[in-house]
Amino acid sequence: MAPWNMSKMRVMQVSRPGGPFEMLERPIPEPGAGEIRIKIQACGVCHSDSITKEGYMPIEYPRVPGHEVVGVVDATGAGVMGWAAGERAGVGWNGGYCGYCDACRRGNFFACQTATYVTGITSDGGYAEYMVARSEAVARVPEGLSPTDAAPLMCAGLTTYNALRNSGAVAGDLVAVLGLGGLGHLGVQYAAKMGFHTVAIARGQDKAELAGKLGAAQYIDSRSQDPAAELKKLGGAKVILATVTAGDAMGAAIGGLGANGSFMVLGAAQSMTVSPLQLLLARQSVKGWYSGTAIDSQDTLAFSLQADVRSMNEVLPLERAEEGYQRMMKGDARFRVVLTMG
Ligand SMILES: [Zn+2]
Ligand SMILES: [Zn+2]
């Protein structure tokens, strides 16, 4: 191979809002001060990749999407501490934070006030053979999880695991997971493994068996049943984890909260309807949850390994990103699409 070729990588980029994925060669980027270069092995395809694909946020194009990245440290930039070439590494949605603003000094790194770094949105992400990440955004990946096992846990896993462990529910509480897609099928497993009385809610009776296999004690078919009424019959949910992206499906379930219940919103629906009277009479809340930072990802990976939680994946090579993305957007993927780099 000619020497110049060795410094090139393949990326799958988007050049304009709504544009197609384009496979092309680019020079392998050099890590700057505080940055780590990762040789990517796998990257999950998340619904939030549509932000980059369709231009739902202000984005500088061309941009490489992907924020469920797993690979190996390939090089470190000046001043990077604690990382060496050859170590396994993962990157999620959070692309880093400053560490010195008031929010960071209070430990609220997700709310960093000086800059917003989002993998695959403000910088190039994991639909590529290499990427560069700020070192504070990089998570350690344990042995025992393959790249394709670990990749979906960097966003879908992290988001559901971190929301559940911060939801206020304790072992034995009734926890409902709304939706059985990429996030939901992991959320049900985490909820069951955390010791919650886990109820899965999805559309169609055909998902009932899967829900049971994932650990759900009960299944509610929202096509033929009223999810709010069914949850009420079970005593009302302490937590409903809303992983769907449809506001009407959220609105149909929120009535199933019990006293002091929390409706935790993970899916980026346009809007949803909620009764203020219901909230105040039963002291309930609606709360969004930010996925988490790199240390939360590490915790997610460790718990997944310990409790044997895995994503069910459709694995495709990088060059089939468009197909994988379309399957995910249509809800056809069973249950997470993961891209692998040759
Ligand atoms: Zn995501
Ligand atoms: Zn900050």
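The values are calculated or read from the model by the stated rules, or taken from the named source; none is laboratory data. Here the structure is a predicted model, which means the values were calculated and not measured. Cβ placement follows ideal geometry from the backbone for every residue including glycine, while neighbour counts extend to all protein chains displayed. Side chains included, ligands, DNA and RNA excluded: accessible areas come from the protein's heavy atoms. Shrake-Rupley method; radii C 1.70, N 1.55, O 1.52, S 1.80 Å.
Computed values, structure above
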item: Failed item, numbered, when residue 56 is tested on (1) without any contact (Cβ under 8 Å) to a residue 60 or more places away in the chain; (2) more than 16 Å from ligand 1 (Cβ to nearest atom); (3) out of contact with any Cys (no Cβ under 9 Å at 6 or more places or on another chain); result: (2)
item: Single residue of 133, 139, 163, 229 found to be open to solvent by 10 Å² or more (accessible area, probe 1.4 Å) and either of a type outside the set (Lys, Arg) or in a strand (DSSP E or B) (or both); result: 229
item: Residue selected from the stretch 281-297 under the condition part of a helix (DSSP H, G or I) and surrounded by fewer than 18 Cβ atoms within 10 Å (Cβ to Cβ), by the criterion farthest from the chain's Cα centre (by Cα); result: 281
item: Out of 90, 66, sole residue that is in a loop (DSSP other than H, G, I, E, B) and either more than 26 Å from residue 332 (Cβ to Cβ) or within 16 Å of ligand 1 (Cβ to nearest atom) (or both); result: 66
item: Residue 278 being open to solvent by 30 Å² or more (accessible area, probe 1.4 Å), modelled with pLDDT of 95 or more and more than 11 Å from residue 240 (Cβ to Cβ); result: yes
item: Answer from 278, 298, 284 - the residue that is in contact (Cβ under 8 Å) with a residue 24 or more places away in the chain, of a type in the set (S, T, N, Q) and in contact with a Pro (Cβ under 9 Å, 6 or more places away or on another chain); result: 298
item: Within the stretch 298-311, considering residues that are out of contact with any strand residue (DSSP E or B) (no Cβ under 7 Å at 6 or more places or on another chain) and in a loop (DSSP other than H, G, I, E, B), the one nearest to residue 41 (Cα to Cα); result: 310
item: Condition check for residue 125: assigned to a loop (DSSP other than H, G, I, E, B) and under 17 Å from the mean Cα position of the chain (by Cα); result: yes
item: From the options 88, 106, residue that is surrounded by fewer than 23 Cβ atoms within 10 Å (Cβ to Cβ) and without any contact (Cβ under 8 Å) to a residue 12 or more places away in the chain; result: 106
item: Flag if residue 85 is assigned to a loop (DSSP other than H, G, I, E, B) and either over 26 Å from residue 337 (Cα atoms) or away from ligand 1 (no atom under 16 Å from the Cβ) (or both); result: yes
item: Residue among 86, 79, 90 that is touching a helix residue (DSSP H, G or I) at 6+ places or on another chain (Cβ under 7 Å) and away from ligand 2 (no atom under 16 Å from the Cβ); result: 90
item: Selection within the stretch 9-49 - of a type in the set (D, E, K, R), assigned to a strand (DSSP E or B) and either out of contact with any Pro (no Cβ under 7 Å at 6 or more places or on another chain) or closer than 22 Å to residue 268 by Cα (or both); result: 10, 22, 25, 26, 35, 39
item: Long-range neighbours under 7 Å by Cβ, at least six apart or interchain, first residue in contact (Cβ under 8 Å) with a residue 60 or more places away in the chain within the stretch 188-201, second assigned to a loop (DSSP other than H, G, I, E, B) and open to solvent by less than 20 Å² (accessible area, probe 1.4 Å); result: 189/309; 190/309; 193/309
item: Index of the failed condition, residue 182 passing every other in (1) modelled with pLDDT of 95 or more; (2) of a type outside the set (Lys, Arg); (3) in contact with a helix residue (DSSP H, G or I) (Cβ under 6 Å, 6 or more places away or on another chain); result: (1)
item: Check on residue 100, within 16 Å of ligand 2 (Cβ to nearest atom), without any contact (Cβ under 8 Å) to a residue 40 or more places away in the chain and either open to solvent by 40 Å² or more (accessible area, probe 1.4 Å) or not hydrophobic (A, V, I, L, M, F, W, C) (or both); result: yes
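Let's see how each residue does on (1) modelled with pLDDT under 95; (2) crowded, with 24+ Cβ neighbours inside 10 Å; (3) in contact with a His (Cβ under 6 Å, 6 or more places away or on another chain):
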residue	(1), (2), (3)
65	no, yes, no
73	no, no, no
80	no, no, no
92	no, yes, yes
115	yes, no, no
